[in-house]
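Have a look at the structure below, then the notes.
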């Protein structure tokens with residue numbers, strides 16, 4: 001209680017205590033640990049979605065593979081490709097991993113898959129001519145997957161590939177299959193010998 005000189009010494013009740021002024025830091029609602037966890041989890045999910053979308057759309061920016069594009073790249077390889085080279089690939093999709101191939105005088109002399117040497121019968125698959133064979137087979141299957149490989153009705157194969165402008169070898173390949181396994185590979189190192 002305060003004395004007020006204007007009221008001739010009478011005691012006047014003091015103003016009731018109020019909380020902090022509206023808009024001040026103390027008046028803001030504090031977040032519970034649950035709300036903080038929800039916000040952080042939502043932010044992490046949003047970042048993960050952006051990363052996945054970027055990976056998907058980067059692959060989608062590869063040119064569509066056609067017979068004419070494959071033929072032109074194959075001819076460029078026949079004309080300019082070295083007889084000896086080392087090739088490293090990164091594989092994604094259904095069976096991710098890494099492959100290293102060494103070719104000398106057009107013959108595969110070594111292949112490793114994830115650091116291990118597979119059976120000799122698989123070595124040619126990851127040489128440049130083997131990559132061209134795979135692309136050619138996939139183009140044929142993509143025309144009619146139901147007929148070619150007895151795929152489920154409505155199955156579609158979308159093939160995208162980028163080729164090296166100088167030598168013609170496939171740089172990146174992405175096979176997207178509705179209702180089936182995705183295949184992606186890219187050359188991480190190509191070194192003529």
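The values are calculated or read from the model by the stated rules, or taken from the named source; none is laboratory data. Since we're looking at a predicted model, the values are computed, not measured. Here the Cβ is made from the backbone with ideal geometry for all residues, glycine too, and neighbour counts use every protein chain on show.
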Quick one: would you say residue 84 is at pLDDT 75 or above and over 23 Å from residue 159 (Cβ atoms)? yes
Which condition number does residue 135 fail, the rest of (1) in a helix (DSSP H, G or I); (2) surrounded by fewer than 17 Cβ atoms within 10 Å (Cβ to Cβ); (3) touching a residue at least 12 places away in the same chain (Cβ under 8 Å); (4) touching a strand residue (DSSP E or B) at 6+ places or on another chain (Cβ under 9 Å) being met? (2)
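Checking the structure you have, find out if any residue of the range 71-83 is part of a strand (DSSP E or B), in the same structural domain as residue 112 (by TED's automatic domain parsing) and either touching a strand residue (DSSP E or B) at 6+ places or on another chain (Cβ under 7 Å) or within 16 Å of residue 134 (Cα to Cα) (or both).
Of the range 71-83, the ones part of a strand (DSSP E or B) are none.
Within the range 71-83 (the criterion being part of a strand (DSSP E or B), in the same structural domain as residue 112 (by TED's automatic domain parsing) and either touching a strand residue (DSSP E or B) at 6+ places or on another chain (Cβ under 7 Å) or within 16 Å of residue 134 (Cα to Cα) (or both)), the answer is no, since none of the residues qualifies.
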Taking the range 138-151 as the search range and keeping residues that are part of a loop (DSSP other than H, G, I, E, B) and within 17 Å of residue 181 (Cβ to Cβ), which one is nearest to the chain's Cα centre (by Cα)? 151
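Filter the range 50-81 for residues that are surrounded by 16 or more Cβ atoms within 10 Å (Cβ to Cβ) and modelled with pLDDT of 85 or more and give the result. Working first, answer last.
Of all residues in the range 50-81, those surrounded by 16 or more Cβ atoms within 10 Å (Cβ to Cβ) come to 59, 62, 65, 69-70, 73-74, 76-77, 81.
Those that are surrounded by 16 or more Cβ atoms within 10 Å (Cβ to Cβ) and modelled with pLDDT of 85 or more: 62, 65, 69, 70, 73, 74, 76, 77, 81.
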Specify which of the listed residues (171, 65) is under 25 Å from the mean Cα position of the chain (by Cα) and more than 14 Å from residue 187 (Cα to Cα). 65
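Kindly indicate which of 97, 9 is touching a strand residue (DSSP E or B) at 6+ places or on another chain (Cβ under 9 Å), modelled with pLDDT under 80 and more than 24 Å from residue 166 (Cβ to Cβ).
Working: 97 fails: modelled with pLDDT under 80.
Every option except 9 fails the conditions.
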Leading residue by the ranking (surrounded by the fewest Cβ atoms within 10 Å (Cβ to Cβ)) among those in the range 104-132 that are in contact (Cβ under 8 Å) with a residue 24 or more places away in the chain and outside any helix (DSSP H, G or I): 104
